[in-house]
Every structure is written in structure tokens, then in C-alpha cells.
Amino acid sequence: MGGFAIGTTEFAAMSLLPYFADGLNIDEPTAGHVISAYALGVVVGAPVLAVLGAKLPKRTMLLLLMAAFAVFNVLSALSPNYEMMLVFRFLSGFPHGAYFGVAALVAASLVAPNKRAQAVSLVLLGLTIATIIGVPAASWLGQTLGWRWGFGIVGGLAALSVFLNFLFTPKDTPDPKASPLRELTALKKRQVWLTLFMGAIGFGGMFAVYTYVTSVVLQVIEAPEWTILVVLAVFGCGITVGNLVGAWLADKALMPAAAGILIWSTINLLIYPTAAEHLWTLCISVFMIGGTNGLSPALQTRLMDVAEDAQTLAAALNHSAFNVANALGPFLSGLAITAGLSLTATGYVGACLAFGGLIIWAIAMWDEKRSRKLASVPAE
């Protein structure tokens, strides 16, 4: 439910943009800064809150983070002007990464080691289902009753998540050796950074296309406006299936699964510009591209392996990396469109990013092999 609330507000804000721009008397490019403020809040908030909460029980962290998320979404709905909206969206994004990071660690701790990725994928399932149900519902609510309801309903969902976490999340005792300084040791590990870069670059391919798919439906295919919700729901189905299948593969062979998903993403993004010329082929294409989301539980599990004693910070940073991807993909696609390329050329931009993630994967594997070789050499 927490993931559902987070996913709903993160993606629905894009579809509500014209409405809150009009409501706050600002133009749409300026309103876009509100979405960027949320993403920035995720990037900044994830490491800060993970470090500050190092000594807290994970159950307590989940309750506090989701309570804050509820409050700031309600305040977003009540924003009297653009400046306050900007502040509240930034603060709404603050708990996002840390919540998912801590929730993933809790879920992974409750299952056998060979089921960790699937446990993480179930935590992320709320976010993926939000792209199918929550985003269209919040968009419809915002269009019908007013944009403020689109944010207000998320506050209600988040409050429900607090209640459910209170009822069902197991009580735990924090590690007595845990400390902010120990969490920061994650930043010293090359494999942590390489995993984060893999997500920040490789995942950017999906967002390079997702952000402009509405424009493709309206301007390239010239389909009726109602088909936008259908295409976005199909994209969400691909994201959901990718999340579950990717996690299953990751539990079988973690890093080969990550490589396979990046190759899959590169190929489908290269096909996208051709497929995006017709509605049905576009639907098939975006479903396939949505499968890239299988990278998320794979990389989350990888971070658990390489972070050692700095699990919370590393897990939270994974969502900072994905929000960097969320900013990077659309930014590069925007540059390509501004330079005169077509809206469907976003597929080529995305393919370059996915392939870039694959290159980083290769570097990570080479570095790991090299480190093992050096560790096996006896000291003189």
C-alpha cells in the first residue's frame, strides 16, 4: 500500500500537470519544476534519512517515513501558490527512497536467501500496480473533481499504509553496532557505486520513452485522447510483469539476469521508433519496454550483497539512482526533440542509455573478478 501511494503520486503528477498549472496560475514549463522538485527530494532524502535513521528499528522507520509522506501530500493538495507547492512536493519526495529501501530490507529478512529478489519485487508490486490502476484513477479524479484531489487521495492511501504497517510489520531490534558513520561506509565501496550507476543509466532508457509516450499517441499516431489511458495501463502491465519475472530470474542468477534485462531493454527500445507508428504495435512495444523494470529488484538485491554493514543507505540510494534515471532519460530525450528529431526517436535515446547500463555491468563484473583474483594472491 505504501508503494501504491508512492507510485500513484510520482506518475500521476505528470498527467495532472496542466491542471495544477492552471490552478496555480503558472505556465506548464514552470509547473514541470514541481515534478522535478519531487524527484530531487527523493535523490536527497534517501541517503539523508537512511543515515539519520540508522539506529532506529526498521518498523519505526517505516511508520515515520510513511506518516511524513502522508502529511506532505495532503499539504501539497492544500498549496495556496506555486512556491508552497514546490516546497511540499520536494518534502513529499524526501521519504520515498528511504521507505522503499527499508521495506526491501524488511521483506528480504523474512525469506530464505534464494527468495530475496522475489520478496523485494512484492514490496515494489505496489508501485507497479499504481501505474495500472492508481495513476489513471488519480488522473481521472484530478480531472473530474479538481487537481487537489489527485494529491489528497494519495495522502489518504499513505495514512492507510501507516495503519497497515503498524498492524503487520514485525517488531525488530536495531543492530547495536548500527550508526550513521557505519552506513556511510557504503560510499567507499566501488561495487555499490557501479550498481547505482547501472540503475541510473540503464533504467533511464525506459523513462526516455515513458515521458513522451502521451505526445506520441496524440501527435504521431493521432489517436483519440481516451487511448492515452489504455497505453499507459499497458505500459504499467509491462512494468508489473517485468518486476515479477525479473525478480524470479534474479533469484536464479542475479548478475546474468541484470545483463539479460539490459539487453532486452536495448533491443526493444531500438524497435520502438518503428512500432510507435501504429497504436497496436505501440502497445506491444511499451509492454516490452516496461519489462525493463525487472532491473529494480535485481539491483536492490545486488546492493544487499555488496553493501555489507551499510545495508540501509545502499538500499535507499537505489531509489535515488532510479530517480536520477527518471530525470536523465526525459532530459536527453528532450534535447533530441529540441534538436529536430522526431518524438519516436526517444527510443534511440533510450537504447543508448540501456546499452550504457550494460557497459557499466561489464565494468562491475570485471572489477569483481579482478578483486577476487587479488584477494586470492597470498601476501609475501
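The values are calculated or read from the model by the stated rules, or taken from the named source; none is laboratory data. Everything quoted here is computed from the prediction, not taken from an experiment. Virtual Cβ from ideal backbone geometry, glycine too; neighbours counted across all protein chains shown. Side chains are part of the model used for accessible areas, which takes the heavy atoms of the whole protein and leaves out ligands, DNA and RNA. Shrake-Rupley method; radii C 1.70, N 1.55, O 1.52, S 1.80 Å.
So what is the diffusion coefficient of the range 190-248 in µm² per second by Stokes-Einstein at 20 °C and 1.002 mPa s, using a Kirkwood Rh over Cα pairs?
My calculation gives 160 µm²/s for D.
Can you give me the pair-distance distribution of the range 234-380, C-alpha pairs, 10 Å bins, whole percents?
11, 34, 33, 15, 5, 1, 0
Calculate for the chain the 222 nm mean residue ellipticity that helices alone would give, adding -39,500 (n - 2.57) per DSSP H run of length 4 or more and normalising by residue count, nearest 500 deg cm²/dmol.
-26500 deg cm²/dmol
Could you work out the Rg to Rh ratio of the chain, with Rh taken as the Kirkwood radius (inverse of the mean 1/r over all Cα pairs)?
Ratio of gyration radius to Kirkwood radius for the chain: 0.97.
So, in Å, what gap is there between the alpha-carbon centers of the range 134-164 and the range 44-74?
21
What number comes out for accessible area per residue over the chain if the probe is 1.4 Å? Units Å², please.
On a per-residue basis, 43 Å².
Can you pull the Kirkwood radius for the range 159-299, inverse mean 1/r over Cα pairs, to one decimal in Å?
17.5
What size of dipole, in debye to the nearest 20, comes out for the chain about its Cα centre when the only charges are +1 on Lys and Arg C-beta atoms and -1 on Asp and Glu C-beta atoms?
In total the dipole reaches around 1220 debye.
Near ARG372, within a Cβ-to-Cβ distance under 14 Å, what is the net charge of the other residues, with Lys and Arg +1 and Asp and Glu -1?
Cβ neighbours under 14 Å give a net charge of +1.
Could you please state how large a percent of the accessible area of the chain is carbon and sulfur, counting protein chains only and using a 1.4 Å probe?
Its accessible area is 71 percent carbon and sulfur atoms.
From the cross-link list LYS55/LYS369; LYS55/LYS252; LYS55/LYS189; LYS171/LYS252; LYS189/LYS373, which pairs have alpha carbons spaced over 27 Å apart?
Over 27 Å Cα-Cα: LYS55/LYS369; LYS55/LYS252; LYS171/LYS252.
Please check: in the Gaussian network model of the chain (C-alpha springs, under 10 Å), which one of LEU353, LEU254, LEU110 has the largest mean-square fluctuation.
Result: LEU110 has the largest fluctuation of those listed.
Once Lys and Arg get +1 and Asp and Glu get -1 on their Cβ, which of ILE337, GLY294, GLY101 lies farthest toward the positive end of the dipole of the chain?
Checking the options against the dipole of the chain, the answer is GLY101.
Determine ³J(HN,Hα), in whole Hz, for all residues of the range 69-77 in sequence, where each value follows from phi through the Karplus function 6.51 cos²θ - 1.76 cosθ + 1.60 and θ = phi - 60°; x replaces Gly and Pro.
4, 4, 4, 6, 6, 5, 5, 4, 5
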